[in-house]
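Laboratory data are not the source of any read-out in this text; all were calculated from the coordinates shown. All figures in this text were calculated on a predicted structure; none of them were measured in a lab. Cβ coordinates were reconstructed from backbone atoms using ideal geometry, including for glycine residues, and neighbour counts include every protein chain displayed.
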Amino acid sequence: MSNQLAQFLPIILLFAIFYFLIIRPQQKAQKEHKAMIESLKKGDKIITNGGLIAEVVKPEEDFIKIKINDETVVKLERNSVTRKID
């Protein structure tokens with residue numbers, strides 16, 4: 001019985017290390033990103049996945065209207081926001 005447990009112990013240990021070093025931090029980052037996207041409001045400065053720096057004009061349910069310059073307002077999918085500039 002203890003011999004079988006000793007055989008599986010390295011695999012269990014490897015899985016635990018993998019979970020705490022890779023899976024858990026990635027889940028935490030995804031939660032933080034989702035919270036940031038949901039908290040966007042008018043006037044916030046953002047960076048898109050394409051590298052554009054824009055200002056939020058109107059947050060909608062699935063999209064965000066952003067102003068790229070004084071004349072250009074476009075719709076952007078919420079998931080395309082990389083980060084918010086403080």
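Any idea which of Ala54, Asn69, Gln7 is furthest toward the positive side of the dipole for the chain, if Lys and Arg beta-carbons carry +1 and Asp and Glu beta-carbons -1?
Positive-end residue among those listed: Gln7.
Tally Lys and Arg at +1 and Asp and Glu at -1 over the other residues with C-beta under 12 Å from the C-beta of Lys75: what net charge comes out?
Values: positive: Lys58, Lys65, Lys67, Arg78; negative: Glu60, Glu61, Asp62, Glu77.
Once all neighbours under 12 Å are counted, the net charge is 0.
Hey, can you grab everything whose amide H is under 5 Å from the amide H of Asp44? Only 5+ residues off in sequence or another chain; H modelled, so Pro and N-termini drop out.
Here the answer is Val56, since their amide H atoms fall under 5 Å of that of Asp44.
Report, ordered by chain and residue number, the lysines lying within cross-link reach of Lys45, taken as a straight Cα distance under 21 Å and ignoring same-chain residues fewer than 8 apart.
Candidates past the 8-residue exclusion: Lys31, Lys34, Lys58, Lys65, Lys67, Lys75, Lys84.
When the helix-only estimate is applied to the chain (DSSP H runs of n ≥ 4, each -39,500 (n - 2.57), divided by the residue count), what is the mean residue ellipticity at 222 nm, nearest 500 deg cm²/dmol? Don't jump to the answer; show the numbers that get you there.
Numbers: 2 runs with 32 residues, N = 86.
Mean residue ellipticity, 222 nm, calculated: -12500 deg cm²/dmol.
Going by the alpha-carbon gyration tensor, a ≥ b ≥ c the square roots of its eigenvalues, is the chain rounded (a/c under 1.5) or, if a/c is not under 1.5, prolate (a/b greater than b/c) versus oblate?
On the way: a/c = 4.93, a/b = 4.30, b/c = 1.15.
In terms of gyration-tensor shape, prolate.
Can you give the local net charge around Lys31? Use residues other than it whose beta-carbon is closer than 13 angstrom to its beta-carbon, Lys and Arg +1, Asp and Glu -1. Don't skip to the end; give the middle numbers.
Working: positive: Arg24, Lys28, Lys34; negative: Glu32, Glu38.
Surrounding charge for Lys31 is +1.
Hey, fewest Cβ within 10 Å first, where do Arg78, Arg83 land in order? Kindly include the intermediate steps, with their values, before the conclusion.
Values: Arg78 15, Arg83 12.
Lowest count first: Arg83, Arg78.
Rounded, prolate or oblate for the range 41-86? Axes are the square roots of the Cα gyration tensor eigenvalues, ordered a ≥ b ≥ c, and the cut-off for rounded is a/c under 1.5.
Working: a/c = 1.24, a/b = 1.02, b/c = 1.22.
The shape class here is rounded.
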